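Only one structure is covered here, and it is reproduced in the block below.
What follows draws every value from the coordinates through simple rules; no lab data is involved. It should be emphasised that the depicted structure is a prediction, and the values quoted were computed from it without experimental measurement. Heads up, the Cβs are rebuilt from the backbone with ideal geometry, glycines too, and the neighbour counts pull from every protein chain shown.
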Amino acid sequence: MPAELVPQHVVILGGEQTVIDSVAPQATVHVVGHAGPSAAAPGGLTERMPLGRLFGARSGDKGGNANLGVFARSDEAWAWLDSFLTTDKLCELLPETAALPVDRYRLPSIRSLNFVIHDLLQEGVAASTRQDSQAKSLGEWLRSRIVDIPTALLA
């Protein structure tokens, strides 16, 4: 739908209402990707530990879908996370997602990955039979998974 067909109504605290025209870009908008940190993923010796020892996560619901973000605190950790946490690996670590469609989005400029797990919450919060119907603890569940992490990242 063209933006000019969608008026914006602004209501001021006293009740005064103003209609503002929507402004559409006048030219094609080009989005330039960012490669992110250029560090190499470390290899070598590994140690088994919870993924959350080095990585943060945040999760929640978007209708019937779960949204799961995972982020690294250093360029080297990001390089490892990006190569390690594929969609297949996520489904292995969180088996309840294995039969569901999962989209993976890279956000290298903020050292993050975002996963959208479709239909995990069935028809949404009000209809979900999951104990965590808003997927608020999904990130912590992922962070608790024991994986082999390069010891070079622990320094």
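Listed values, structure above:
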{"read-out": "Theoretical ellipticity at 222 nm over the chain - DSSP helices of four or more residues, -39500 (n - 2.57) apiece, nearest 500", "value": "-4000 deg cm²/dmol"}
{"read-out": "Inter-site label distance for ASN114 and VAL19 at 7 Å from Cα along Cβ, in nm", "value": "3.3 nm"}
{"read-out": "Globularity ratio of the stretch 49-154, using Cα Rg and 2.2 N^0.38 Å", "value": "1.05"}
{"read-out": "Electrostatic dipole magnitude of the stretch 1-86 [Cβ: Lys, Arg +1; Asp, Glu -1; Cα centre; debye, to 20]", "value": "420 debye"}
{"read-out": "Net charge contributed by nearby residues that have their C-beta within less than 11 Å of SER38 (K/R +1, D/E -1)", "value": "-2"}
{"read-out": "Cα-based Rg of the stretch 1-106 normalised by 2.2 N^0.38 Å, two decimals", "value": "1.66"}
{"read-out": "Sites ARG104 and GLU4, calculated FRET efficiency, Cβ-Cβ separation with R0 41 Å, nearest 0.05", "value": "0.70"}
{"read-out": "Crossing angle, helix 75-84 versus the chain [Cα axis fit, 0-90 degrees, rounded to tens]", "value": "90 degrees"}
{"read-out": "Assigned charges on the beta-carbon of Lys, Arg, Asp, Glu; the chain dipole about Cα centre (debye)", "value": "480 debye"}
{"read-out": "Residue with peak Gaussian network fluctuation, the chain [Cα springs, cutoff 10 Å], from PRO95, PRO50, PRO25", "value": "PRO25"}
{"read-out": "Full-stretch length increase - ARG48, ALA27 - with 0.36 nm per residue and alpha-carbon distance subtracted", "value": "2.4 nm"}
{"read-out": "Per-residue Cβ neighbour rank within 10 angstrom, fewest leading, SER112, SER38, SER137", "value": "SER38, SER137, SER112"}
